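K.L.:
There's a structure below that I have some questions on.
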Amino acid sequence: MSHTPTEPTAEGILAVQLKHQGWLMQLPGVVGIGTGQHQGKPCLLLLVTHATAALTEQLPSTLDGYEVRVQETGGPVVIQGTR
């Protein structure tokens, strides 16, 4: 059950991230989870390769009172070393 935090804090959102990152990272297409800000409030950032309708339908809009934002990263990038 989600609730609105009375005073959003950096420590609070990190606890929410740790609490939910296990199952979120199991979703196909999710490649990372972090924290950020949206409209001056802390939010969770879900990094996905491609924000397909099938994936975004599985993602929550809030977790424990914090907004969840989806950021599309595209596929993995391979960086060639120089010699």
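The values are calculated or read from the model by the stated rules, or taken from the named source; none is laboratory data. Here the structure is a predicted model, which is why all the values come from computation and not from measurement. Don't worry about glycine lacking a Cβ; one is built from the backbone with ideal geometry, like all the others, and counts go over all protein chains shown.
K.L.:
Which count do you get for residues in the range 38-83 that are within 21 Å of Q26 (Cβ to Cβ) and at pLDDT below 90?
P.N.:
3
K.L.:
So, of the residues in the range 35-46 that are exposed (fewer than 15 other Cβ atoms within 10 Å of the Cβ) and not polar (S, T, N, Q), which turns out to be farthest from the chain's Cα centre (by Cα)?
P.N.:
G40
K.L.:
So is I33 assigned to a helix (DSSP H, G or I) and either in contact (Cβ under 8 Å) with a residue 24 or more places away in the chain or not aromatic (F, W, Y) (or both) or not? Walk me through how you get there before you give the answer.
P.N.:
Working: assigned to a helix (DSSP H, G or I): no; either in contact (Cβ under 8 Å) with a residue 24 or more places away in the chain or not aromatic (F, W, Y) (or both): yes.
Criteria not met by I33.
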